[in-house]
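Here the structure is laid out as structure tokens; the discussion comes afterwards.
The values are calculated or read from the model by the stated rules, or taken from the named source; none is laboratory data. Keep in mind that this is a model prediction, so the values were computed, not measured. Backbone-built Cβ (ideal geometry, glycine too); neighbour counts: all protein chains shown.
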Amino acid sequence: MRNELTFEEILRQTRAMMPDVLDDLKSLIRYPSVAFPGHPAEPVNSMAEATVTVLKRYGLQDVRLLDIPGGYPAVYGEIPPPPGAPTIMIYAHYDVQPATRGDGWDTDPWIPVEKGGRIYGRGAADDKSEL
Amino acid sequence: MITAPLSGSLKEIPRGSEVLIEGEEETTGHIEEFVTAHPEFFRCDVFIIVDNGNLSVGDPALVTALRGEVSCIINVHTSIMRCTPEYLGERHPMRLLP
């Protein structure tokens, strides 16, 4: 199969997806998925499930949680390659650093806030923006 | 978002994609043993680490190299005699300690 997509077309399609993508990002920021010891496990596991949901919605196949002994599950999904095509593996993470208002946040770190074309919230960049 | 461009007509780009979202990158992780035990999940031609902020809006970043740490023991063998590179050539390491 020949790739007919131009750079401009990729940009156009990506921009068209942005409203949904930003909605997803905002919903994921609300999970305080801090995996450090001493923090509650429930939000981390809920975030893992939410990540599964997002991957499925964007058409990935065989999406599932991988049991990581001793730790929180990883989320896996795939789009099988056409014959002869290369496979790209993409790594990201759904856990975040702890955050409290006392750290100097102007807003609640677990509630996404859009200001000046940017989204503020824990994980808005590292690394939920990459999901 | 990495998953969005994998959908729609962008998926016509001929390649396979595998996505792994770890749950313990910020803290002590346990995935290393899993990778060793299940290499079938990690076979790929290109591995992209998507864990970096864009420098500016609309200006994507791509990881091309990583710093890391290596723990190793290096054994160097040389002669037990003191000798100079002029005598045996520069590929012959000199003893620094008696």
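A:THR51 fulfils the conditions (1) modelled with pLDDT of 95 or more; (2) more than 7 Å from chain B (Cβ to nearest Cβ); (3) surrounded by 14 or more Cβ atoms within 10 Å (Cβ to Cβ) except for a single criterion, (2). For the range A:53-73, a residue qualifies if it is in contact (Cβ under 8 Å) with a residue 24 or more places away in the chain and within 21 Å of B:GLU32 (Cα to Cα), and the qualifying residues are A:GLY71, A:TYR72, A:PRO73. Only one of the listed residues (A:GLU42, A:GLU8) is closer than 19 Å to B:GLU22 by Cβ, more than 9 Å from chain B (Cβ to nearest Cβ) and free of Cβ contacts under 8 Å to residues at least 12 places away in the same chain. That residue is A:GLU42. Here A:VAL21 meets the list (1) surrounded by 14 or more Cβ atoms within 10 Å (Cβ to Cβ); (2) free of Cβ contacts under 8 Å to residues at least 12 places away in the same chain; (3) over 24 Å from A:VAL113 (Cβ atoms); (4) among the β-branched types (Val, Ile, Thr) almost entirely, failing just condition (3).
On inspection, B:LEU66 passes the criterion of being more than 21 Å from A:ARG15 (Cβ to Cβ), modelled with pLDDT of 75 or more and loosely packed, with under 15 Cβ neighbours inside 10 Å.
Of the strands (runs of 3 or more DSSP E) lying entirely inside the range A:50-131, the ones with 1 or more residues being under 17 Å from B:GLY23 (Cβ atoms) and in contact with a Leu (Cβ under 8 Å, 6 or more places away or on another chain) are found at A:61-66, A:74-79, A:87-93. Any residue at all in the range A:114-128 that's facing another protein chain (nearest Cβ under 7 Å), crowded, with 20+ Cβ neighbours inside 10 Å, closer than 24 Å to A:ILE68 by Cβ and not hydroxyl-bearing (Ser, Thr, Tyr)? Yes: the range A:114-128 contains one or more residues that are facing another protein chain (nearest Cβ under 7 Å), crowded, with 20+ Cβ neighbours inside 10 Å, closer than 24 Å to A:ILE68 by Cβ and not hydroxyl-bearing (Ser, Thr, Tyr). Quick one: is A:PRO109 more than 9 Å from chain B (Cβ to nearest Cβ), within 18 Å of the chain's Cα centre (by Cα), closer than 15 Å to A:VAL34 by Cα and buried (at least 20 other Cβ atoms within 10 Å of the Cβ)? Yes; evaluated as a whole, the condition is true for this residue.
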